Amino acid sequence: MINRIIETCIRNRFLVLSVFVLMMILGFSSMKETPVDAIPDIGELQVIVYADWPGRSPQDVEDQVIYPLTTGLMGTPKVKVVRSSSGFGFGLVNMIFREGTDYYWARTRVLERLDLAKKNIPKDVSVSLGPDATALGQIFWYTVEGDGYSLEELRSIQDWYVRYQLTSVEGVSEVASVGGYVKQYQVDVDPNKLFAYDVSLLHVMEAIKLSNIDVGAKVFEQNSVEYVVRGLGFIKSIKDIEDIVIGVHAGTPVTIKDIGRVALGADFRRGVLDKEGREATGGVVVMRYGENPLKVIERVKKKIQEIEVGLPKGMKIVPFYDRTGLIHRSIHTLSSALIQEIIITIFVIVVFLLHFWGSLVIAAVLPIGILIAFIFMKQFGVDANIMSLGGIAIAIGVMVDSGCVMVENIYSKLSEHSTENLTSENRLKICSDAAGEVGRPVLFALLTTIVSFIPVFVLTGQAGKLFSPLAYTKTFVMVAAAIIALTLLPTLSYFALKGKLKPVEENKTAKYLHGKYKPLLGWALIHKRVIVFIALAVFTVGLIFSVLMKQEFMPPLNEGDLLFMPVLLPGASLTQVADVMQKQDIIIKNEIPEVEGVVGKLGRAETATDPAPVTMIETIIHLKNKKYWRKGMTREKIIDEIQQKTKMPGVSPIMTQPIRNRIDMLATGIQTPVGIKVFGPDLKEIEKIGIQLEQIVGRVEGAVSPYAERIGGRPYFEIEIDRPQAARYGIHVQDIQDLIMSGIGGMNITTTVEGRERYPVRVRYLRELRDDPEALKRIFVPTRWHWRNAPKPAQIPLAQLAEFKTVAGPSMIFSENTVPYGRVFINVNQSQIGLVDFVKKAQETVQKEISRGNLKIPTGYFISWSGQFEAEMESRKRLLPSMALALMVILVLLYMAFKDIKILGILTAVLPLSLTGGVILLFLLNFRFSTAVWVGFIALFGVATDNAVVLLSTLENLFKEKLPKTIEEIRQTVIRAGLQRVRPALMTTMTTIIALMPVMFSSGTGSEVMKPMAAPTVGGLLTATAANLILVPVLYSWMKERKLQKEQS
Amino acid sequence: MEKIIRVALVILFTLMFSTQLFAQQNHVNHQGLDEPISYYTCGMHPSVKVTVENYEKGDTKCPICFMPLMPVIKSSMNMETSDENVISQVALKASELKLAGVKTEPIEKRQLFKEIRAVGRVAYDPQLAVAQDEFISSVQSYEKALSGGIEEIVDRAKSLVDSSQRKLLLMGLSQEQIDGLQKSKKVQNNLVLPGDKMWIYGDVYEYELNWVKEGAYVKVSPLSLAGEEFYGKVVSLNPVVDPQTRSVRFRALVDNPEKKLKPEMYVDIEIMSQYQDDNGNMDVLSIPKSALLDTGRRQIVWVDKGDGQFEGRKVTVGPEAIDHSDNPRKFYPVLKGLNEGERVVTQGNFLIDSQSQITGVASSAFSGALGNEKKQPAASAMPGMPGMQM
């Protein structure tokens, strides 16, 4: 079968060549079109429903919006879980879909449900679907600047000009504004004047509402001309509002200006932007799901150039976060590593093969293989990022292996003949036969590599999302390499391997190697025990190191830009936080010379992808190019200096990175290994149960600092209506609430229409009459029924109708599947007890406490166990069988190759040694165990045995040819086999190891993720090669010698 | 040989599965601190406390928000105070204080005034003028009758005086005013016409009644004369609540030197009522309004102990009031918890309070003004359970 393919190919050389040229073109165009980003999107597949209810407390949002919404959204198909959170003025419902669900399909399902769910919530809540973007969507931030322009003016330009133009760019899902002030018409009402003129606030609002409309009245004809009739009545200026009439008092009209003042002001805001200490306004471009960020940013920038012409004089758009830099840097790191790898690989091949054209043929595998891999990537929807390109990078050395085997075999077969005298038909025959000989091993190697990657494919959750691109691309290039080796290489060899070919024995590299290897192996065969002892010793060392090594989930990627995230405690006011931000930004900009620019954001940008509270500052710090840094400065030192210099009491200086942070911010659920969720209707009771659980679980062996979430923390000022009192005055609760809402909170009652721009009109009491508890007492509520025959309703101050109190309340309410919950977070000392065992034990303990009556769970409450252990259990469920399966398949394949259980034993003895080498190198380089490292090991796993397999098959063949009669003969035969294989074996390992050197020595963006993945292969192959070339022959010889001794005795 | 294979297989499997695939991310904290670390905490959730030991084992992230934890430096301060009002202490560096914009000021005794806003109008009250007229004439006829000496007439005149006096009382005049009227026998013309002094009728609500006393200063600003102010005193309070407006009418007499105040003008009234403590002292110890952090549960003031040391103090304060002495500012009279001359933080106290929650030395029952209640003691909730590992 394989031979037939090879032969067909070699006979249709022109066809093969044209197909490959076509594939290369296709590959090239795929490469250009593949979306490029820095890291794979590891967030959950979620659709966010965003509810905006300005000014409402988390409790109100939860009770009146989020709860009814989630009940309506429950039961959406393919939903894994519905999580929701209610914050101040907004609520989010995160619908987490099962992996593999089509994103737009999911959005449509949510929309369907939402339509119905919306019916049960107050009318003034605006509910919308979040942008069709993920955590990685925020690709470009900019400020709109201009000397001499106020923040309102800048914001208006951003809101009504820049924003919509940028949203129109292909691939942009949303452009959200942040910072500055939204212009607003503010009607500040003096309650004393309301009283004096005998009108109520509700009248004022009604009057404004009724005074802002344009209408059309069809047409009339006059003298054969048709006139369009319009009634003009939109509010366009302050004066328009001032002149609105509210009512008539003693014969004179009462207008707005009589009862208050109208001014242009700033709408209530939950976000501030600060650039180097000056308040700024700007926006964030959110990219659509699945788009190519590089292309989108490029288009956005082009659009900015276009629209800058239309900006008012002196105004400009200045980017302050631009993902392209990071993408370019990480792609650059990898592509330069790839190019270096390719050059080094070619060099190694040349050294071993000492035939230039032959080497070039092998090298051709690399570019063609990579291009073909890109075709696959496009078809399978794998994006280009450091993980997927990393998959290619770690495969480079292995890719050429099959090519090496193929060309080397053709070469040696051809060199056996004197090439000048061969007819082309004969050459063709030799080529295709030689290729056919190694066709099976090539396929076999491919199979083991793919099979060994099965465990990576079944990884779920974040790890799966992170590493599956790598597993895919590695498989793609391996498949591509095998296809090339089987179809293209024989053809190319046919053209390239012409002229006088030196026999292998005369090859200088081979001679040198034989000279070194022969005595070494000879010594080793005599001192077998020493060799086995050394092997065991090395293995033990590796085992010890593996215990000593620390663990981490994923080595953090250096994103270049820093995200400084000072946070204040809940309850801090916007003014306070803005003050902190401004002071810190000035220091960072002026006192740290490495800082190029600094822009801080407090609170939220107006997008559902940004749930940050006001107490959280996110400052993007853009560092200068390393050349301009002070001597001896490192990133760590800069971070340290920033944290030291900006130290303020009550402010926690957290330093993270922009993308990392965005992923963390949008993640929901429990991030610790184990967590308990306490569900129930009342937050106080939940807290109580949580704290009890915290103590109970704390006593379970292996529990590390369990912590029950505390719910309070945000001060609430509650106005509790005294119903009997209200009844006494004949006042409805709604009458009071309306006043609380509009008088104290202020309400946007209508929106002006001024050309393209729209601004809210807000009514509220004068500031000094509502901004402290004393003033609130004097909010007047008109009675509904007149007292006896009184001519007008009385106005009752709030103090007589309600009780005022300050209480601590939640700053955020979380619920899952409609039930509010509190969380108990538990870390587990995993060297002491396994996660799953821990959970079992903890569950038993809690159950015991409940049955003993020490822990009371009231009706309506329940607890559930959750956390990362679920992922681990899931992984274990999948990983164990898949790893076992992979191992089984490999063993079966090996067994099929040799049909000898003892040889299988020798092979399995080599495997741990190769792993040992990886562990030792990791330890020496001070890496931690992470999933990346494991993936590196799995990659190693696939290639470690390759050489042993080849060597063993050579041994078997030689022993079959002529069965040795004495121990000496056995050893000679073994040495002969070793000598035959030492050059190709070293060639394949050296290409793999040396090819990875550029990765190991690179220091650019992305290298920190790639290095731990490359290290196991490098270290592992070193010991594996030693084991393959020394231990395998030693064990084999030992086996044969013992067999011989048994037979003889 | 089989033995070797078996051993090799066992080794292979143990190596492959003994190490966990998933592990906690171990983020290096670049705080570069040489000082001894007491424990680690989260900037957003200060109730999270992780021991140094656990931190080094890899417990480096906040369980709630998953952000890196920060070290809390061991403080040299200790809570050696017997003052039960002291709830927390915190030490800060001068640079931090400057950056936080912390300002302090000594607390002093001040004269405080409670300010009540009310609406009213300049009196145009012909009825009262008539009633006054009636009263004066009834008094005059009574006096005449007295001189006449006829008992019956005297009695009738007396009852006439009484009834017209009652009428005046009901209309809101005080007994003193009536007595004055009786002596002067002059109808107050400024009830109907502009004069050098004008009557102002204002309405206060029941809940404010305690603060409105006869003799309280009033500041009157007419709605129509923006920026102009007139001063006077409350003279009398109606004894009856007006059922229509649910308010109580008071009368104030204000100076009207240029006769700008005209009857029936609407005016804003500020009544300034002096605060007295329980012993009737006018000079009361008071703190600026901005010094108080109020959570409803407790009221906290941060006291500057010098050298960057601050002490959180639980205080009890009276109602908010104003000191008019130089630049009118709002104060709270201190009832308990502070001594004269102590410096209190008036700016940046929120930050100091937050810091105390994150790193401060707290007495056992405290976790900051905006923090949470102390943990429930575990031991007492579940006393001595056998077989439990503690």
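The alpha carbon centroids of the stretch A:705-766 and the stretch A:40-94 are separated by 22 Å. For the stretch A:231-275, the residues whose backbone nitrogen is under 19 Å from a point 7 Å from the Cα of residue B:264, taken along Cα to Cβ, are A:248-255. Distant-in-sequence amide contacts of residue B:125, defined by a placed amide H-H separation under 5 Å and a gap of 5 or more residues or a different chain, comprise B:192. When the C-alpha to C-alpha distance is required to be over 18 Å, the pairs from A:316/A:626; A:962/A:1040; B:114/B:213 that qualify are A:316/A:626.
Suppose the chain between residue A:422 and residue A:440 were pulled fully straight at 0.36 nm per residue; how much longer would it get relative to their current alpha carbon spacing? Please list the in-between numbers first.
Numbers: separation 18, 0.36 × 18 = 6.48 nm, distance 2.66 nm.
Gain in length upon complete extension: 3.8 nm.
For the stretch A:662-814, the relative contact order comes to 25 percent (Cα pairs under 8 Å, sequence separation of at least 6).
Stretching the chain fully between residue A:308 and residue A:356 yields a gain of 11.7 nm (0.36 nm per residue, less the alpha carbon separation).
Relative protection proxy for A:805-815, B:204-214, from highest mean packing down: A:805-815, B:204-214 (other beta-carbon atoms within 10 angstrom). Phi angles of the stretch A:771-783 translate, via the Karplus equation with coefficients 6.51, -1.76, 1.60 and θ = phi - 60°, into HN-Hα couplings of 9, 8, x, 4, 5, 4, 4, 9, 6, 8, 10, x, 6 Hz per residue; Gly and Pro are given as x.
Distance between the C-alpha centres of the stretch A:339-394 and the stretch A:871-944: 24 Å, rounded to the whole angstrom. In this structure the amide hydrogen of residue B:309, modeled in the peptide plane, comes within under 5 Å of the amide hydrogens of B:92, none closer than 5 places in sequence on its chain.
Using the Cβ-Cβ distance between residue B:242 and residue A:71 with R0 = 41 Å, the FRET efficiency computed as 1/(1 + (r/R0)^6) comes to roughly 0.25. Please identify which residues in the stretch A:275-295 have an amide N closer than 20 Å to a label point set 7 Å out from the Cα of residue A:757, following the Cα→Cβ vector. Only A:279-284 fall inside the zone, counting backbone N under 20 Å. Peptide A:911-918 has a mean shielding of 3, counted as Cβ atoms of other protein chains within 10 Å of each residue's Cβ.
When ranked by the protection proxy of mean other Cβ atoms within 10 Å per residue, highest first, what sequence do the peptides A:622-635, A:86-99 form?
A:86-99, A:622-635
The label point for residue A:852 and the one for residue A:527, both projected 7 Å from the Cα toward the Cβ, are 6.3 nm apart. Label-to-label distance for residue A:900 and residue A:720 is 8.8 nm, based on points extended 7 Å past Cα in the beta-carbon direction. Between the Cα long axis of helix A:901-924 and the first principal axis of chain A there is an angle of about 50°, rounded to the nearest 10. For residue B:166 and residue A:732, a Förster radius of 30 Å and the Cβ-Cβ distance give a FRET efficiency of 0.15, rounded to the nearest 0.05.
Here, chain A has an Rg and a Dmax of 36.8, 133 Å when only alpha carbons are counted. Between the stretch B:100-128 and the stretch A:460-496, what's the alpha-carbon centroid distance in Å? Their Cα centres are 83 Å away from one another.
Residue by residue along A:638-649, Cβ atoms of other protein chains within 10 Å of the local Cβ number 6 on average.
On a straight-distance basis, which lysines could pair with residue A:257 in a cross-link, Cα separation under 23 angstrom, same-chain partners fewer than 8 positions away excluded? Correct list for residue A:257: A:183, A:193, A:209, A:236, A:239, A:792, B:260, B:262. In the protein assembly as shown, the DSSP-assigned H stretches of four residues or longer account for a calculated mean residue ellipticity at 222 nm of -14500 deg cm²/dmol, using -39500 (n - 2.57) per stretch and the full residue count as denominator. Residue ranges A:73-81, A:366-374 sort as A:366-374, A:73-81 when ordered by packing (mean number of other C-beta atoms within 10 Å per residue, highest first). Counting Cβ atoms of other protein chains within 10 Å of each residue's Cβ and taking the mean over peptide A:213-221 gives 0. Near the amide H of residue A:747, within less than 5 Å, lie the amide hydrogens of A:763, all on another chain or at least 5 residues away, with H placed in the peptide plane. Extension gain for residue A:219 to residue A:335 (0.36 nm times residue separation, less C-alpha to C-alpha distance): 35.0 nm.
As an exercise, use a Förster radius of 35 Å and the Cβ-Cβ distance of residue B:336 and residue A:682 to find the FRET efficiency, rounded to the nearest 0.05. Show your work: numbers first, answer last.
Values: r = 34 Å, r/R0 = 0.97.
Efficiency, rounded to the nearest 0.05: 0.55.
Take the Cα of residue A:165, step 7 Å toward its Cβ, do the same at residue A:574, and the gap between the two points is 2.8 nm. Placing a label point 7 Å from the Cα of residue B:109 along the Cα-to-Cβ direction, the residues of the stretch B:285-324 whose backbone N falls under 11 Å of that point are B:285-286.
Here the Karplus curve 6.51 cos²θ - 1.76 cosθ + 1.60, taken at θ = phi - 60°, turns the phi angles of the stretch A:753-765 into couplings of 10, 10, x, 7, 9, 9, 10, x, 10, 10, 10, 7, 5 Hz, with x standing for Gly and Pro. Among the trypsin sites (Lys or Arg not before Pro) in the stretch A:946-1033, those placed in a DSSP loop whose Cβ has at most 13 other Cβ atoms within 10 Å are A:962, A:965.
Across the stretch A:796-931 the C-alpha pair distances fall into 5 Å bins from zero in the proportions 2, 6, 8, 10, 11, 12, 10, 8, 7, 7, 6, 4, 3, 1, 1, 1, 1, 1, 1, 0 percent. Taking a ≥ b ≥ c as the square roots of the eigenvalues of the Cα gyration tensor, the stretch A:218-301 is classed as oblate, since a/c reaches at least 1.5 and a/b does not exceed b/c.
Throughout, read-outs are computed from the coordinates displayed, never taken from laboratory work. Computed from a prediction, not measured in an experiment: that's the story for all the values here. Backbone-built Cβ (ideal geometry, glycine too); neighbour counts: all protein chains shown.
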